[in-house]
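Each reported figure results from applying straightforward, stated rules to the coordinates on display, with no laboratory input. In this text the structure is predicted, and so the values were computed from the model without any measurement. As a convention, Cβ positions derive from the backbone with ideal geometry for all residues, glycine included, and neighbour counts pool all protein chains shown.
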Amino acid sequence: MKTIPSIEPHYPFEAYSHIISPLSAEDGGGFLLTIPDLPGCLSDGASEAEALAHGKDAFMAVVSALADMGRKIPPPAFRPEHVDTPAASGKFLTRVPRTTHARLAERAKAEGVSLNTLVLAFIAEGLGRGSVPS
């Protein structure tokens, strides 16, 4: 087992925008924290405060691992205030082809999460990569 040393990141956790979303009872309840600029960096907790505290730990683990692998640590770029949605409720409805829905449902079941949680994780990862047009 390799021990990865903790680094002092160029940008602190607080410089990165994060999203805290409630988890459904089906997913065990509590809250999910994602950092769009750091794909795969997420945490959860029974409360928003706990998800935030765990998010700081996840942030340090991700940036330390990226540094250890010699990979670039993305600078903070995502800013919710730059999103042109004056009344964003955090909820939207979209239609997808039946085959896509079936594949997503199968993947969610295999991962042991709800379909909503899986799609949220994919969206957060995509936003972090910058693959979603701005």
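Label-to-label distance, T100 versus L52, with points set 7 angstrom from Cα along the beta-carbon direction: 3.5 nm.
Using a Förster distance of 22 angstrom, determine the FRET efficiency expected from the C-beta separation of H10 and F122, and round it to 0.05. Could you put the intermediate results ahead of the total?
Values: r = 27 Å, r/R0 = 1.25.
It comes to 0.20.
Phi-derived couplings, Karplus 6.51 cos²θ - 1.76 cosθ + 1.60 at θ = phi - 60°, listed residue by residue for region 65-70: 5, 4, 4, 4, 7, x Hz, with x used for Gly and Pro. Listed by chain and number, the aspartates and glutamates whose C-alpha is less than 19 Å from the C-alpha of K2, apart from same-chain residues fewer than 8 away, are D57, D68.
Tell me, rounded to the nearest percent, the portion of alpha carbon pairs in region 13-129 spaced more than 22 Å apart. Before the final figure, lay out the partial values.
Details: 2661 of 6786 pairs.
The calculated P(r) of region 13-129 puts 39 percent of pairs beyond 22 Å.
Here region 13-129 is assigned +1 on the Cβ of each Lys and Arg and -1 on the Cβ of each Asp and Glu. Its dipole about the Cα centre then comes out at about 560 debye. Distance from a point 7 Å along Cα→Cβ of I73 to each backbone N in region 5-39: keep the residues under 15 Å and list them by number. So the set is 5-17, 37-39. Taking amide H as placed 1.01 Å from N in the peptide plane, G45 has its amide H under 5 Å from the amide H of F31, A51, each at least 5 places away in sequence or on another chain.
Residues F92, F122 in ascending order of nearby Cβ atoms (within 10 Å, fewest first): F92, F122.
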